[in-house]
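Read the figures in this text as sums done on the coordinates, not as results from a lab. As the structure is a computational prediction, the values presented were derived from the model and not from experiment. Glycine also receives a Cβ, built like all others from the backbone with ideal geometry; neighbour counts cover every protein chain displayed.
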Amino acid sequence: MHAHIVDAAWVFDVKVTVPISRGRIDFNRVTVEHVGPDSSMGISRMGVYVDAPNGRTYVYQLATPDVPGATFERRGSLLPWSSGDRGAIDLRPLLEARVAGTPFGKLASAAGTMLARTRVSGEMQLGDGEIGDDRKRVVLTGREQGRNQVQLAWAQAGAGIVLRLPELEVRESRLELPGCVLTTGTVSGTLSVQLEASGPAPSLTVNVVEMTLRDVACQVGASPSPA
């Protein structure tokens, strides 16, 4: 994933490159390039930060010490702001916890303004397999055929990021609602998700271009799955 920030907090335009390998962001591999000495990113127990020549700035502030999938930085010994290991995030447990409703924190106060000046691009290939738990889950399939590739781009209007799935393919899904359990067989389609950071709170908009659901069933009065 690549991000270009126009006139960011370091006074210079910034180019950020975030490699994602096997569903993991290793902040030791993230690069933050600009005029002068480059900066670096990491994750501490306080949140996701950028270490620039003029000090540390937090982009996302954590409100809990327990973040699924997060490995926090380990400080270096030479300089107070240096890190021997800048930490990492395994995306699957983090996203599953977030979908389940677990709150982690919020964007730092200056992050919304920065995102308005950020242009994002990138591609991620989702693997096959189950995402979720007994109550809410989907089973992805079709990786060998190039299905479930996520394309990232900046929103043409507003401060946000667009995630496009040109070929979504799900083998089966399950969603427990109050009083019923909704299940499907295969799901295929094309959709996009826009994340907006402007305004008092982040917002999410889903645009479904086309979608086909097979073997849809709703079991009324079903007992919920055990936690």
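Taking only the C-alpha atoms, wrap a convex hull around the chain and report its volume per residue in Å³ as a whole number.
Details: hull volume 31.5 nm³, N = 227.
Spread over its residues, the Cα hull of the chain gives 139 Å³ apiece.
Would you mind ranking 114, 211 so that the residue whose beta carbon has the fewest other beta carbons within 10 Å leads the list? Numbers along the way, then the final one.
On the way: 114 22, 211 11.
Listing 114, 211 from fewest to most nearby Cβ atoms yields 211, 114.
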> In whole Hz, what ³J(HN,Hα) sequence does the range 129-137 give by Karplus (6.51, -1.76, 1.60; θ = phi - 60°), x for Gly and Pro?
Replying inline: x, 8, 10, x, 9, 5, 8, 9, 7
>> If the only charges are +1 at each Lys and Arg Cβ and -1 at each Asp and Glu Cβ, what is the size of the charge dipole of the chain around the Cα centre, to the nearest 20 debye?
In response: 300
> Among 14, 187, 209, which one shows the biggest mean-square fluctuation in a GNM of the chain, springs joining Cα atoms closer than 10 Å?
Replying inline: 209
> Per the Debye formula with a single identical scatterer at each Cα and no solvent contribution, what log10 I(q)/I(0) holds for the range 1-115 at q = 0.14, 0.21 Å⁻¹?
Replying inline: -0.59, -1.32
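Please arrange 173, 39, 21, 188 by how many other C-beta atoms lie within 10 Å of their C-beta, fewest to most. Before the final figure, lay out each step's value.
On the way: 173 20, 39 24, 21 8, 188 16.
The fewest-first ordering by Cβ neighbours comes to 21, 188, 173, 39.
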> How large is the convex hull of the Cα atoms of the range 117-227 per residue, expressed in Å³ as a whole number?
Replying inline: 129
> Going toward the positive end of the dipole of the range 1-115, with +1 on Lys and Arg Cβ and -1 on Asp and Glu Cβ, which of 1, 54, 39 do you reach last?
Replying inline: 1
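Once you sort the root eigenvalues of the Cα gyration tensor of the range 108-150 as a ≥ b ≥ c, which label holds: rounded (a/c under 1.5), prolate (a/b larger than b/c) or oblate (the other case)?
Oblate shape, in that a/c is at least 1.5 and b/c is the bigger or equal ratio.
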